[in-house]
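Quick notes on the structure that follows.
Please treat every number below as a calculation from the coordinates, not as lab data. Everything quoted here is computed from the prediction, not taken from an experiment. When we count neighbours, we look across all protein chains shown, and the Cβ atoms used for this are built from the backbone with ideal geometry, even at glycine.
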Amino acid sequence: MAFRTLPGLAALVALLLFAVPALADEIEPEPEPEPAPLAEPEPEPEPAPLAEPIEVVEDEGPREPRWIPSIETGFETFDYNVDTTVTNFINPPAWQGAQKEAERQLMYRIGGELMGPEFESLPGRPRLFVKGGAQFQMFSSDKIFRDGDAFVDIQPERALTTYLSNGEGIFDYPDDFEGQGSEISARFHNPSWYAGLGVAFGVPIATELLLYIKPSIQYSVEKIDLPSGLTTVDEPVPRVDPVPCGPASAPCLREFFAHKSRTTATTTDHSVGAGLEVALALFRSARPIRVSLYAEARFLWLVSDDTTEFADSNGVAAYSVVRDDFNIKGGGGLRFSWVGFD
């Protein structure tokens, strides 16, 4: 039974060995699909060019020229503060004394100014400037000392003539004669002059308005005449009552004498100090002339001698004028600036 089974098993194995390759040849595997060709990558879009940055420019109004020459005209006022003294050498204390006066002065000014280029990198775009000009006193003179009437038309010489003609009873004492007194006046020479150096800060406050703030250092020179005089009548031999006289019909005369002092001194005052101006430029777009309004204050210290002492050549009287060392001057006016056509 075992031998019969073994040949059958061998035949079955041989059959499988021949059948499997044949079946493999009949069933061909389906061909794998060829891979699709790779699509070419689409070109990336070029980046859009960067937009140029937009520069925000503030509206500062019309362009300012580099150099601005100007002429200015206006008025200035200040107090001429002095201490004055008159000494009478003939019959003191008549017509002498000491007084303190503050005479208000009004000056007409005309001058020029030149502003340089702006320093654009600094706040306020400052400009350096120089200025100078002349000023004229509006009134002929001012009395800085007065006692009595030293310069009136009625002079004591006429009264003396009348007295000698008509006799006693018209004038009994020296003070009764008219035209006596003492006086000192101040008369400014025309012109006096000034100069300054400073910096101007510009502040636009509207399209057509430009505000300037202008600190400066200033120097001024004023030449002043001090005409002075004293008129006095004295009686060398004082009256003694009763005066012995001759017959009733004879005049009883006494001796009176008139004395006059007339002299003039001249002083030149040099002052240095700080100034501050505020100016408003109008119609900035107007060409070629621009108009500005300005107001100014100057704080000045006297650097020359503050005392002037003098006397007449006849030895009748002596005079002294002492000026304050510090003074404040203020004024304002119009300025016309050349800004060109562009």
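Name the strands (runs of 3 or more DSSP E) wholly inside the range 262-342 in which the number of residues that are of a type in the set (Phe, Trp, Tyr) is 3 or more.
On the way: elements: 289-302, 307-311, 317-323, 326-338.
Hits in the range 262-342: 289-302, 326-338.
Of a type in the set (A, V, I, L, M, F, W, C), buried (at least 16 other Cβ atoms within 10 Å of the Cβ) and over 20 Å from SER185 (Cα atoms) - does that describe any residue in the range 126-135? Don't jump to the end; show me each part of the working.
First, the residues of the range 126-135 that are of a type in the set (A, V, I, L, M, F, W, C): 128-130, 134.
Okay, now just the ones that are also buried (at least 16 other Cβ atoms within 10 Å of the Cβ), so 129.
Then drop every residue that is not over 20 Å from SER185 (Cα atoms), which leaves 129.
The answer is yes, given that some residue of the range 126-135 is of a type in the set (A, V, I, L, M, F, W, C), buried (at least 16 other Cβ atoms within 10 Å of the Cβ) and over 20 Å from SER185 (Cα atoms).
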